[in-house]
Amino acid sequence: MPRVGLSTTDVVRAGAELADDLGYGNLAMGLLAERLGVRTPSLYKHVANLADLQRGIAVLAVTELDREIRDAMHGLSGAHALAAFARAFRAYVVAHPGRYSATIGAEFTGPDDPLLELSTRLLDSMTAVLRGYNIPDDEMDHALRSLRSTFHGFASLQASNGFQWTGDPDVSFDWMIDFVDRGLRASRDS
C-alpha cells in the first residue's frame, strides 16, 4: 500500500526537482526515495521503474513548457510572438534544466500518448509563430527544426553555464531573436 499522502504526482514532481538539482543524468530511484523520506521499494507503488519516472518527468515538463509558452504568446503575432516564445522557452530551460532534458528524445508510445498530444500543442505554438512569417507548408518542418534548434541550443548552453566569457547573455539572446526575425522576414519577402 502506498504511503499515506504520497501520490504518483508527488513522486514525479520530486523526481523532476531532483533532476533539476542534480542533473537529469544523475536521477536515481535511491536518491529520490531519500529525498521523499521513504524506502526505494515504496516508489515502485507509484512508478514502475526509472524509465517510467523519466517519462512522467517528460510529460510534466512538456505540460509546464506548453503552458508557459502559450501564456507568453497569447494575443501576439510576428516578431512579438517570436520574442515571447523564445524568452519563455529559454526561461523554462534555464529554470528547469533537468526536467527539460527529460523531453529530449522521449519517444511516443502511440496515438493516445499524452506526451504526443502535449508535444503537438507545443509544436502548434511554434507553427503559429512561423505562420506569422508566411512560411509555406512544404518548408514548415525545416523551419520548426531550425527554430527549435536555435533556441534549444542557446538555452541549453546557458543552463549548463556554457557562456563564461565577457558580455551579457541577455544581450546576445535579444540579438539572436532579432537575427532570427530578420531571417524569417527575408525568407517571407523573397
Task: Of all residues making up segment 79-112, the number that are at pLDDT below 95 and open to solvent by less than 70 Å² (accessible area, probe 1.4 Å) - done: 3
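Filter segment 66-78 down to the residues that are assigned to a helix (DSSP H, G or I) and not acidic (D, E), then identify the one that is most open to solvent (accessible area, probe 1.4 Å).
So the first thing to find is which residues in segment 66-78 are assigned to a helix (DSSP H, G or I), and the list is 66-73, 78.
Within this subset, residues satisfying the condition of being not acidic (D, E) are 67, 69-70, 72-73, 78.
Values: R67: 121, I69: 0, R70: 85, A72: 38, M73: 23, G78: 19 Å².
Among those residues, the one meeting the criterion is R67.
The values are calculated or read from the model by the stated rules, or taken from the named source; none is laboratory data. Since the model is a prediction, treat every value here as computed from it, not as a measurement. Note: accessible area is taken over every heavy atom of the protein model, side chains too, but ligands, DNA and RNA are not part of it. Shrake-Rupley method; radii C 1.70, N 1.55, O 1.52, S 1.80 Å.
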